[in-house]
Amino acid sequence: MTTPQDYPEPERGTGTGTLIEETPQVSHGDGDHERFAHYVQKDKIMESALSGTPVIALCGKVWVPGRDPKKYPVCPMCKEIYETMGTGGNDKGGDK
């Protein structure tokens, strides 16, 4: 029969873990720090306009679009990701 003394105590604070967020943080675009035009797939924008579901930009931002993106500068992270993409990534006249 084994007793608790037969097993060493695990070391505390040396392991790694993963925090999983089950509900994405959705922004409704009402803060100055969020005022960028982001790159999103066109079909997802149309779907969001019809259903109100959030979209995910190339940079990872999740939000429900509701403002004219032409009024804001392009998100630098979205732009960088878009420019490094393969097919269509170098097309400067692409859609946002």
Original post:
Is there a residue in the stretch 68-85 that is touching a helix residue (DSSP H, G or I) at 6+ places or on another chain (Cβ under 7 Å) and not in a helix (DSSP H, G or I)?
Top reply: no
**OP:** Examine the stretch 51-62 for a residue that is modelled with pLDDT of 90 or more, more than 21 Å from MET85 (Cβ to Cβ) and surrounded by 11 or more Cβ atoms within 10 Å (Cβ to Cβ), and state whether such a residue exists.
**Re:** yes
Subject >> Flag for SER48 being at pLDDT below 85, hydroxyl-bearing (Ser, Thr, Tyr) and surrounded by 10 or more Cβ atoms within 10 Å (Cβ to Cβ) >> reply: no
Original post:
VAL26: modelled with pLDDT under 90, at negative phi and touching a strand residue (DSSP E or B) at 6+ places or on another chain (Cβ under 8 Å), yes or no?
Top reply: yes
Subject >> Those residues of the stretch 42-65 which are part of a helix (DSSP H, G or I), among the small types (Gly, Ala, Ser) and touching a residue at least 12 places away in the same chain (Cβ under 8 Å), in sequence order >> reply: SER48, ALA49
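The values are calculated or read from the model by the stated rules, or taken from the named source; none is laboratory data. None of the values given here were measured: they were computed from a predicted structure. So basically every Cβ, Gly included, is an ideal-geometry build from the backbone, and we count neighbours across all protein chains shown.
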